[in-house]
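S.K.: Let me give you the structure first, and then I'll get to my questions.
Every read-out reported here was derived from the displayed coordinates using simple, explicitly stated rules and does not represent laboratory data. All of these numbers come straight from a predicted model, not from anything done at the bench. Ideal geometry is used to build each Cβ from the backbone, glycine not excepted, and the neighbour counts take in all protein chains shown.
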Amino acid sequence: MLSRLSRLKRLAFTSAMALAIFANAPNGAHSQETFDIGVSTILTPPGSVIQGIQVRQALELIADWQNEQGGVLGKKIKLVVADDQGTTEGGRTVAERLITRDKVSVITGQASSNVVLASLEVAKKYGVPVVNVNGWASGIRTAGVPQVFSPGPYTTRVITATVDTLIALGSKKVFGAFDNTDAGFSLEKEMSKQLKERAPQIQYKSVILDRAAKDYLPVVLQIQAEKPDVVVSELIAPAGYILMNQLYDQGVAPTKDTMFFEMGGMTDNPDFWKNIRGAGKGALAFGHYHPKFDLPAIGVEFRKRFVERYKVEPGRLSFQAADALFVILDAAKRANSTESAALTEALAKTDYLGTRGQITFDKTPGPTFNQWVEVPYAIFQFTAVDQKLDDTTLLKQSNGPLDLKGIVAP
Amino acid sequence: MSAILQLENVTAGYSADIDILRGLNLKVERGSVTGLIGLNGAGKSTVMKSVFGFLRPRIGHVFYNGREITASSPHDLAAKGLWLIPQDGGLFDHMSVETNLRLPIETRRAAAGISRAEIDRRVGDVMQQFPILREKRRQLATRLSGGQRKLLEFAIAHVQRPTLCLIDEPSIGLAPKVAEEVFAHISTLAKTGTSILLVDHNIRKVIEVASYVYVLTLGTVSAEGESSAFRTDLHGQVKEWLGINY
Amino acid sequence: MLSSMLVSGLITGTFYALMALGLTMIFGVLRIVNFAHGEFYMIGGFAYVLLYHSLGVPIVAALPAAVVAGAALGWVVERLLIRPVYAEMGARQQGRDEYAIIVTFALSILLIAAMTKIVGPWSLQGPRLIDGPPLLIAGIRVSPHQLAALGIALFFLLGTLYLLNYSLWGRQIRAVAQNRSAAAVMGVDVGKVSTIVFATAGGLAALAGALLSNMISPSPDVGAFPAIKSYVIIVLGGLGSPLGALIGGLLLGVIENLGAIYISFSYRDTYGLVLLVVILLVRPNGLFGEMRREV
């Protein structure tokens, strides 16, 4: 009996400690004095916590900033943060809980495609708008759910940019690596399609990789045997780091014969250079933010405040999250309401100057439905190890054309 | 106090509400063989477990050599010179006979201050004493027969030169001829000066080997006496004490 | 390509085996599966990387310190959380397995969460043991660092196996694994042996984490992957069998690589499971399994 009791105690202690560390301040009851905004993002694995943190930092900064200035419609903004772990089940249950228990009237923060896809049905069922931060997969738009808005990156745009670059590089043979996520599958499909239509001269092979794997040597050797002139990778951290390092260690890419093009958007992660050494030098990258972007005033102010508060440059995910929340606040002001239906209606009519440009949502059914079509992006090249984004060679400005003049062979 | 082992008012059991031993008092005199007999379920093996640290008595005390050892752990008791030959499963099946023989004494070596040469000597002696074990010393213990296993357990006990040896049901499951041999080894062990507490279902043999006998009934001592007293009218007395038709 | 994959598979397999050896020792001695084993790996990786990067501790000191950190964690965990699994050996052991599963699982979550709070979710690449130009072995480039890491891993792996078989320390561990109550009767301090085994397992896993930190940057969740591999390996090799952990680890490393090039890379992690099913059909106790599972 004694040992049973003590077992229970130890069990309770361990579990309680785990919960205590995990739990984020429990939120109180819904209040009329606040504008409750649900935040579903990745706070713990298996999803990319790095992405979740960048999203959360931006959202909290903006909420505090706007509250200093009196909030919205006389109400304080209150973020109700929940952990979706970047999983489909997490996405569904978090959305359901935020709506039914926490009574939020709008949800944002989602950093991965599968989570956004999982929340589509919930958004439709309860009529609660979702302004996602980083859902790339085409299925999010083609589902045509009127409550779901996407001011972030999307598959067709990323692939269009990538294929533009490949064509401009005069590439003959390309090898693509994608991860086994909704975003990865969607990108791979679009890549094959666009290359076939727009650049039939390019020989193309691709592979879908498990992002949980820790060793990509067999694939690296396969790529080596293929001798492509560009390796394109969409893998996000930490899998992307391992692939990049192994490609470099085996002398596959970047080399003078083979360029490396990173399109997953991980090069502005704060830990990028803590994991990538020589493999980063000469790498081409696609990003949804670059310090040399011509930012509107609100973007400049956001960046300033972010650096002040977190002592680190905001990455593209922070900008994406900032725009998602600003769009919600703008809709509330125009609707003069924080109720879901009114917000949805106002969101659809968005025409707002965000941190990186003028945001509107397309009404055409298909892969750009409720999408900010002209979401800006940059193409740039790292020319040294430990190089700050500021010092990279910008090959495409947010609103400018692609110009590969500045490119150097690795 | 001349008793090597003394149990005082020991109450013990495996679950909170059921006592197997109930206020048990028992003594093993130095240099003697003390027998413990009783029906199945009387608590004979529980006595062994309570003494050897596998079961913490709820009430009562156990003294060894005049010092309290209640609820000491088995390895501490082994270091103090107690030994237990359990009813079954006292060997490491996937180790050789020789490793089985050496491991316990090597484990105790530092604590007991025994030299390596002394270990070799004792193991050599035992191999002489148990020729079958010498023959099979490189074989895994799992390949020994039931009787050979029991002999190995006795051989291990011999190597220890224990002050007190608890022997739990040594003849169970053995052919009568092998059981005879086992009882002979108990006598040999006793002659080297080791005090013995012996439990066995073979009442006749226990009485023959032991000098003093306790009868255990439902967790308490229902009768005790010099074994000579039992020899004269074994059937009648045992029948009476145990309450059955023996 | 074949020889490249064999070499690379054996290298990977060595590190798998280092993890699995500790896990199988714990299972052997305590009959429990440690679901926090990956977190020992993670702690070792972080200890090595943080000592080097944040405190400037030289590599020669950071590596042993990482092993000590893992061993210390193993020691503490065994004393604080695992004791009830075998305390009061005579008493009934109801709910013992359930307790062990839940407590190690909760511990795993606790350590991941604690590390996320302390160092953040970031990955941090570990320093190389030695720098230098890579060597070409069987068509793949192997850095001097990888060779050194492999050498150290092999040394500890074979050293542990040697000690298990030829030292009193090892024989006592095997004695407890084979027959816990007999070991106690024979004077072995089973509690101490259990603690030592947990500490050893923690140290070995931490060593793997530190040695691999240059190839696989530690992050709080990095332990999940080696832990899952270890679970496959110990069943493959036979639960509780140290030799099985070694052979199983190497086999898994090779099979995964061969499957990756001859079948498809996308299913790389499933080849081990297929192998496991095949082996369990032929040998239900695993390659070197000899002990029956207690019911």
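S.K.: What average number of partner chain Cβ atoms lie no more than 10 Å from the Cβ of the residues making up C:114-125?
M.R.: Partner-chain Cβ atoms within 10 Å, mean over residues of C:114-125: 6.
S.K.: From a point 7 Å beyond the Cα of B:Glu180 in the direction of its Cβ, which residues of segment B:113-136 have a backbone N at a distance under 19 Å?
M.R.: Correct set: B:130-132.
S.K.: Turning to a different aspect of this structure: Can you give the mean number of other chain Cβ atoms that lie within 10 Å of the Cβ atoms in peptide A:198-211?
M.R.: 1
S.K.: Can you compute the radius of gyration and Dmax for segment C:2-223, using only the Cα atoms, both in Å?
M.R.: 18.4, 61
S.K.: Before anything else, pin down the relative contact order of chain B: Cα pairs under 8 Å, at least 6 apart, normalised by residue count, whole percent.
M.R.: 27
S.K.: Could you work out how far helix C:168-178 tilts from the main Cα principal axis of chain C, as a 0 to 90 degree angle to the nearest 10?
M.R.: The two axes meet at around 70 degrees.
S.K.: Please state the relative contact order of chain C as a whole percent: Cα pairs under 8 Å, 6+ residues apart?
M.R.: 38
S.K.: Turning to a different aspect of this structure: Along each of its three principal axes, how wide is the spread of alpha-carbon positions in segment A:291-410, in whole angstrom units, largest first?
M.R.: Principal extents (Cα only, largest first): 53, 37, 19 Å.
S.K.: Any idea how far apart A:Asp403 and A:Lys256 come out in nm if each label point goes 7 Å out from Cα toward Cβ?
M.R.: Inter-label distance under the simple model: 2.8 nm.
S.K.: Strictly over 18 Å apart at the Cα level, which of A:Lys256/A:Lys281; A:Lys292/A:Lys396; A:Lys304/A:Lys349 would you flag in this model? Please report the intermediate quantities before stating the final value.
M.R.: On the way: A:Lys256/A:Lys281 12 Å; A:Lys292/A:Lys396 10 Å; A:Lys304/A:Lys349 29 Å.
Long pairs (Cα-Cα over 18 Å): A:Lys304/A:Lys349.
S.K.: Turning to a different aspect of this structure: If the chain between A:Lys124 and A:Ala199 were fully stretched, how many nm would it gain, using 0.36 nm times the residue separation less the Cα-Cα distance?
M.R.: This chain segment gains 23.1 nm when fully extended.
S.K.: For labels at A:Asp386 and B:Asn25 in the simple 7 Å Cα→Cβ model, what's the distance in nm?
M.R.: 8.4
S.K.: Moving on. Semi-axes, largest first, in whole Å: what does sqrt of 5 times each Cα gyration tensor eigenvalue give for chain B? All intermediate terms of the calculation are to be shown ahead of the outcome.
M.R.: On the way: eigenvalues 174, 91, 54 Å².
Equivalent-ellipsoid dimensions as semi-axes: 29, 21, 16 Å.
S.K.: Now for a separate question. Using alpha carbons only, how many angstrom separate the centre of segment C:189-266 from the centre of segment A:44-120?
M.R.: Segment C:189-266 and segment A:44-120 have Cα centres separated by 37 Å.
S.K.: Report the calculated FRET efficiency for A:Ala16 and C:Arg83 (r = Cβ-Cβ distance, R0 = 22 Å), to the nearest 0.05.
M.R.: Efficiency at R0 = 22 Å is approximately 0.70.
S.K.: If we count every other residue with Cβ under 14 angstrom of B:Leu21's Cβ, Lys/Arg +1 and Asp/Glu -1, where does the sum land? Spell out each step's value before the answer.
M.R.: Details: positive: B:Arg22, B:Lys44, B:Lys49, B:Arg56, B:Arg58; negative: B:Glu8, B:Asp19.
Local charge sum for B:Leu21: +3.
S.K.: For the protein assembly as shown, take N as its residue count and report Rg(C-alpha) divided by 2.2 N^0.38 Å.
M.R.: Details: Rg = 35.5 Å, N = 951, 2.2 N^0.38 = 29.8 Å.
Dividing the Cα Rg of the protein assembly as shown by 2.2 N^0.38 Å gives 1.19.
S.K.: Using Cα positions and a limit of under 20 Å, work out the lysines in reach of A:Lys189, with same-chain residues fewer than 8 apart set aside.
M.R.: Correct list for A:Lys189: A:Lys172, A:Lys173, A:Lys205.
S.K.: Relative to the present Cα-Cα distance, how much length would full extension add between B:Asp76 and B:Arg116 at 0.36 nm per residue of separation?
M.R.: Full-extension gain reported as 12.3 nm.
S.K.: So what is the relative contact order for chain A, in percent, with contacts set as C-alpha pairs under 8 Å and at least six apart?
M.R.: Answer for chain A is 16 percent.
S.K.: Please give the FRET efficiency for B:Thr188 paired with B:Ala16, using the beta carbon to beta carbon distance and R0 = 45 Å, rounded to the nearest 0.05. All intermediate terms of the calculation are to be shown ahead of the outcome.
M.R.: Numbers: r = 42 Å, r/R0 = 0.94.
E(calc), rounded to 0.05, equals 0.60.
S.K.: Can you compute the modelled spin-label distance between C:Val119 and B:His201, with each label point 7 Å from Cα toward Cβ, in nm?
M.R.: Going from the C:Val119 label point to the B:His201 one covers 6.0 nm.
S.K.: Round to a whole angstrom and tell me the spacing of the C-alpha centers of segment A:133-184 and segment B:1-79.
M.R.: 76
S.K.: Right, something else. Average partner chain C-beta neighbours within 10 Å, per residue of B:66-76?
M.R.: Going residue by residue through B:66-76 and averaging, the value is 3.
S.K.: Looking at the protein assembly as shown, send over the antiparallel percent of its DSSP beta bridges, to the nearest 5.
M.R.: Approximately 40 percent, going by the DSSP bridge assignments.
S.K.: Toward the positive end of the charge dipole of segment C:2-223, about the Cα centre and with charges on Cβ (Lys, Arg +1; Asp, Glu -1), which of C:Phe40, C:Leu73, C:Ser167 goes farthest?
M.R.: C:Ser167
S.K.: Here's a follow-up. Check which residues have an amide H placed less than 5 Å from B:Thr220's amide H, if you skip close sequence neighbours.
M.R.: Residues meeting the amide H criterion: B:Arg22.
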